Amino acid sequence: MSSKHLRSSNWFARKGKDGFIYRAWMKNQGVPHDMFEGKPVIGICNTWSELTPCNGHLRELAEMVKKGVLEAGGFPVEFPVMSLGETLVKPTAMLYRNLVSMDVEESIRANPIDGVVLLCGCDKTTPSLVMGACSVNIPTLVISGGPMLKGHWKGKDIGTSDIWRFDAASKLGQMTEEEFIEAEACMARTQGHCAVMGTASTMAVMVEALGLSLPNNASIPAVDARRKVLSQLSGRRIVEMVKEEMHLSKILTREAFLNAIKVNAAIGGSTNFVIHLLAIAGRIGVDLTLADFDTYSRDIPLLANLQPSGTYYLEDLYYAGGLPAIIKEMGNVLHESSMTVNGKTIGENATSAQVHDRDIIGTLKTPFKEASGIIVLKGNLAPDGAVMKPSAATTALLKHQGKVVVFENIEDYHARIDDPALEIDATSIMVLKNVGPRGYPGMAEVGNMALPKKLLEQGITDMVRISDGRMSGTGFGTVVLHVSPEAALGGPLALVENGDTILLDVANRLLSLQVSDEVLAERKSKWKPTEKMATRGYVHLYQNHVEQAHLGADMDFLKGGSGSEVLRDSH
Ligand code: FES
């Protein structure tokens, strides 16, 4: 490709004062002049941060990408963007997903970048980077940081999903403070993101299923030398992608999105997948709806025996054959001709894959579980939909009618959940309001509310829980999430009162508040918003523009893209 076709030539091939300025300040980093002579400039968009521990090793991977870019004749430039550490960011990392996407979009467009490698890992760092890149639509390749090795404690493998069990055990006095602290170090013992099929792993699978990464990106452990190799090969490949003008929109077709939905069902991915995939589709201009998640995952069984739906960890998946082996098992259930970043189709990439452990990867005929995918529920409680993950739920509760115990917000929940006087039993349905996109704000991961201590003491392990919030991908239970419209907008969820009855009927995709329309209208006439709206700053912007969960919770003005043209082309 001649340099006149490179975006970066608008900077680095310039004559006169402008070209002098563009090149001279790059040279203060020790860049020789021939790096500016028609070489594709590859941005390495890095979410490394010591405050995002899951991504703490991404500077090492960036060095490997640079090697590959140089080997292929490109010019690598690493740049930082805001990073979101799921465990530390308050009130919730999801509040800032859209902000990071703006940072990524504007950073790519504003700079002399011909192709970009996105380095991500912890939950929100993946969708935010992909969303931002979609709105620019230049050649893009994704590398995930990779999962941690599984933890070991007291002779057992442990991972993030055990945190919920440890919490319940410590509430019941079955685990001491010392054991708790010891388990922390035993669980998070290597670099990388959560080792179970939580949201980070789900996002890594998503990018591989969409065709945005090289094969096996999803499961090579963070500390495995082969992740460094994958990074170096990705660096080589992105240079070729620039020459082939393989823009994101050539890969992200509707078929690619449907593949991602089906693969997500086969691996038991997080419910957060729904929100992120909808937002990405909105950016690249692919027509995708909430209903598609139910329609296209309905007949896909759970092939992967991975926590939280099963037993094993991401490193086990890699040893068992990785995602290509699952894709091969799925065969023509997928759109096998969908193109991927390495120039081969998703079917071609899986041709030589093999399953090495049938306990970890099942077949379509003999799956690990029949129940999988994302269920989309509708009814008068969720006119625009709600979601649940049946593989992580209790089968007996998939049809359940119960009296409601309402928590008006998360503070109300914390204040009363362990009150011995709280009227609640195993048949009750817990409803949590005001944890949605606008109400929380940022749609917190609190939907899998811990059960009351007094019921845990009775040996109860699951109850139906309903909210307009999200659930950690590492969580489990019969949990209905993303109720839309949310309570803070005065959706029907806002009108639920203590003692009402709700019917959950998963087989019929029904979520019904058993209260007459007249009574609901009466309640609505008296309803007033209770959650605070920010008066300034990013949160003000977010609360005034965030869309509802069933649309992907992007901000209305960010949908679509603006291409890679800069607004003005001179200093
Ligand atoms: Fe970062 Fe789980 S906390 S991936």
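Each stretch of four or more DSSP H residues adds -39500 (n - 2.57); spread over every residue of the chain, this sum gives -10000 deg cm²/dmol at 222 nm.
Peptides 141-153, 340-352, 555-567 ranked from most to least packed give 141-153, 340-352, 555-567, packing being the mean of other C-beta atoms within 10 angstrom over each peptide's residues. Could you pull out every one of the aspartates and glutamates with an alpha carbon less than 13 Å from that of LYS403, ignoring same-chain neighbours closer than 8 positions? Here the aspartates and glutamates satisfying the reach criterion relative to LYS403 are GLU423, ASP425, GLU497, ASP500.
Looking at the chain, the DSSP beta bridges with both ends there are about 45 percent antiparallel. In this structure, the amide hydrogen of THR140, modeled 1.01 Å from its nitrogen in the peptide plane, lies closer than 5 angstrom to those of VAL116, LEU248, counting only residues at least 5 positions away or on a different chain.
Rolling a 1.4 Å probe over the heavy atoms of the protein chains gives the chain an accessible area of 39 Å² per residue.
With each label modelled as a point 7 angstrom along the Cα→C-beta vector, the ARG568-LYS399 pair spans 6.7 nm.
Which of the lysines could a cross-linker span from LYS250 if the Cα-Cα distance has to be under 25 Å and same-chain partners fewer than 8 positions apart are dropped? Within the straight-line limit of under 25 Å, LYS250 reaches these lysines: LYS4, LYS39, LYS66, LYS124, LYS262, LYS328, LYS344, LYS559. Mind checking the angle between helix 162-171 and the chain's longest principal axis? C-alpha axes, 0 to 90 degrees, to the nearest 10. Helix 162-171 sits at roughly 40 degrees to that axis.
Across segment 500-514, rounded Karplus estimates of 3J(HN,Hα) from the backbone phi angles (6.51 cos²θ - 1.76 cosθ + 1.60, θ = phi - 60°) give 4, 10, 10, 10, 10, 9, 5, 4, 9, 6, 10, 10, 10, 8, 7 Hz, Gly and Pro being marked x.
Derived scalar couplings between HN and Hα for segment 465-473 equal 10, 10, 7, 9, x, 10, 10, 4, x Hz in order, rounded to whole Hz, by the Karplus curve 6.51 cos²θ - 1.76 cosθ + 1.60 (θ = phi - 60°), x for Gly and Pro. Extending each Cα 7 Å along its Cβ direction at LYS454 and ARG14, get the distance between those two points in nm, one decimal. The two pseudo-label positions are separated by 7.2 nm.
Residue by residue, segment 385-395 carries 3J(HN,Hα) couplings of x, 8, 10, 8, 10, x, 5, 9, 9, 8, 3 Hz when phi is fed to the Karplus relation 6.51 cos²θ - 1.76 cosθ + 1.60 (θ = phi - 60°); x denotes Gly or Pro.
The long axis of helix 225-243 is offset from the longest Cα principal axis of the chain by roughly 60 degrees. Here the label points at GLU522 and GLU244, each 7 Å from Cα along the C-beta direction, are separated by 6.6 nm in the simple model.
The values are calculated or read from the model by the stated rules, or taken from the named source; none is laboratory data. Values in this document were obtained by computation on a predicted structure and should not be read as measured data. Positions of Cβ are backbone-derived with ideal geometry, glycine not excepted, and every protein chain shown enters the neighbour counts. Each accessible area value is taken on the protein alone, full model and side chains, heavy atoms only, with ligands, DNA and RNA left out. Shrake-Rupley method; radii C 1.70, N 1.55, O 1.52, S 1.80 Å.
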